[in-house]
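The values are calculated or read from the model by the stated rules, or taken from the named source; none is laboratory data. This is a predicted model, so every value here is computed, not measured. Heads up, the Cβs are rebuilt from the backbone with ideal geometry, glycines too, and the neighbour counts pull from every protein chain shown. All accessible areas refer to the heavy atoms of the entire protein, side chains included, with ligands and DNA or RNA removed. Shrake-Rupley method; radii C 1.70, N 1.55, O 1.52, S 1.80 Å.
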Amino acid sequence: MNVQHIAIIMDGNGRWAAQRKRPRTWGHKAGVKSVKATLKACVKAGIKHLTLFAFSSENWRRPEAEVNRLMTLFLQSLEKETPELTQQGVALRFIGDLSSFSETLQRKMSEVAAIYPQQRRLTLNVAVNYGGRWDIVQAAKQLAFACQQGDVNLSEVDESHFHRYTCLAEQPPIDLMIRTGGEHRISNFLLWQCAYTELFFIETLWPDFDEKVLQSVLDAYQQRERRFGQTSEQLNA
Ligand code: IPE
Ligand code: IPE
Ligand code: MG
């Protein structure tokens, strides 16, 4: 398998619940099951890095009750699932502006991120209060600070240097990004990181996503030719 890193915009929980005449939060709960199934499927397929969009910097604009429910569900899931995930070899990381979360949640996230499974099989990056533009700005700020301190010379700054300050810099590039739920947009997810990522927009609602759906996307990915600006002839030479 030549896929090292997958990113997923887990969308469609609300519509999945509405179809069943249930509140939107019912869909979020069902979405947690899909996360677990996806993790298992990735481990099985030998994928080493997975980045999931769980809560965007814009999702604070939702009704307060839904935001609160999402926070509770997030905390409960971390409490409940971490031991089993660690046993499976999953290491959790969090990306986003974590300072906006409650102290309890922040503490839990740093506790979970400090766990190193004995045999690491998958790194799971959970994007929370994450925004692609925020990521670029925080990188620019770090770089500006380094320049101001005299640690970096502006003349040595290029794309690969800038990249070091962005989220996920130490992980392989994202090979493919999947958005479930039928919308054809990135919604401020990994803007810098997905410059050459293969994009897949699928109709499946997130609570219906499973190993089979993942496999069908991986099959479609194998049919794509990643040219990175070159011609097909050059690649096949
Ligand atoms: C994605 O599902 C989950 C989060 C954004 C937290 P939605 O809640 O956006 O579901 P739809 O798009 O309204 O169906
Ligand atoms: C994107 O979904 C964010 C997550 C999946 C966490 P949204 O449902 O918030 O995106 P928009 O509002 O449809 O663009
Ligand atoms: Mg949505």
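Annotation note: trypsin sites (Lys or Arg not before Pro) in the stretch 74-183 located in DSSP loop regions with a Cβ neighbour count of at most 15 within 10 Å are ARG120, ARG164. The solvent-accessible area of SER232, taken with every protein chain present and a 1.4 Å probe, is close to 40 Å².
Which net charge results when you count Lys and Arg as +1 and Asp and Glu as -1 among the other residues whose beta-carbon is under 12 Å from that of THR25?
Result for the neighbourhood of THR25: +4.
Rounded to the nearest whole Å², what accessible area per residue is found for the chain with the 1.4 Å probe?
Ligands and nucleic acids excluded, the result is 55 Å² per residue.
About its Cα centre, the dipole of the chain is roughly 940 debye, where the only charges are +1 on Lys and Arg Cβ and -1 on Asp and Glu Cβ. In the context of the full protein assembly, PHE201 retains an accessible surface of approximately 80 Å², using a probe radius of 1.4 Å and ignoring ligands and nucleic acids. Under the definition of Cα pairs under 8 Å and six or more residues apart, what whole-number percent is the relative contact order of the chain? After rounding, I find 28 percent. In the chain, helical runs assigned H by DSSP with n ≥ 4 each contribute -39500 (n - 2.57); averaged across all residues and rounded to the nearest 500, the mean residue ellipticity at 222 nm is -14000 deg cm²/dmol. Among the GluC sites (Glu not before Pro) in the stretch 1-89, those located in a DSSP loop and surrounded by at most 15 other Cβ atoms within 10 Å of their own Cβ are GLU58. Within the full protein context, the accessible area of HIS184 is estimated at about 140 Å² for a probe radius of 1.4 Å. Please work out the C-alpha center-to-center distance from the stretch 39-98 to the stretch 118-193 and express it in whole Å. The stretch 39-98 and the stretch 118-193 have Cα centres separated by 18 Å. For LYS80, a cut-off of 20 angstrom between C-alpha atoms picks up these lysines, skipping any fewer than 8 places away in its own chain: LYS29, LYS33, LYS36, LYS40, LYS108. Projected onto its three principal axes, the C-alpha set of the stretch 105-237 covers 51, 47, 34 Å, listed from the longest axis down. Working note: Cα atoms of the chain, range along each principal axis, descending, whole Å: 57, 48, 38.
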